[in-house]
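This report refers to the structure that appears directly beneath it.
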Amino acid sequence: MIESKTIDNLARLARLSIPEEEKEALVKDINNMVLFIDVIQKVSLPNQGETKFEQKNVARADEVAPLESAYDLVEAAPLHKDGFVQVPKVIGE
């Protein structure tokens, strides 16, 4: 079973701040999910394990395609400036 201490450790690893008043409800919800998964794993299905299918690796031949110029590729980007593609900042301050 999940305990409040486990929630604290997961929150620290995920860099989340979980208010104390929400922790008990979160512990209860997660424990209910784990119990539900246990119940599902115990369900017996007829013919389980008798599924037959053919596995094969599908590959296609490499084809050389004309390469667009770098200028055309930059110009095709939704945001571009001074010959560079502009992307949103993903690293925090």
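Each value in this text was obtained by applying a stated rule to the coordinates, not by laboratory testing. Remember, predicted model here, so these are calculated numbers, not experimental data. So basically every Cβ, Gly included, is an ideal-geometry build from the backbone, and we count neighbours across all protein chains shown.
Take every Cα pair under 8 Å whose residues are at least 6 apart in sequence, average their separation, divide by the length of the chain, and the relative contact order is 17 percent. Within the same chain, lysines fewer than 8 places from residue 28 are excluded, and of the rest, those with a Cα less than 20 Å from its Cα are 5.
If you filter the range 1-74 for chymotrypsin sites (Phe, Trp or Tyr not before Pro), then keep DSSP loop positions with at most 10 other Cβ within 10 Å, what is left?
Answer by residue number: 53.
Of the peptides 76-88, 2-14, the order by per-residue mean of other Cβ atoms within 10 Å, starting with the highest, comes out as 2-14, 76-88. Dividing the summed -39500 (n - 2.57) terms of all DSSP H runs of n ≥ 4 by the residue count of the chain sets its mean residue ellipticity at 222 nm at -13500 deg cm²/dmol.
For volume of the Cα convex hull per residue in Å³, pick the label among (i) 76; (ii) 317; (iii) 249 that corresponds to the value derived from the coordinates. Given (i) 76; (ii) 317; (iii) 249, the calculated one carries the label (iii).
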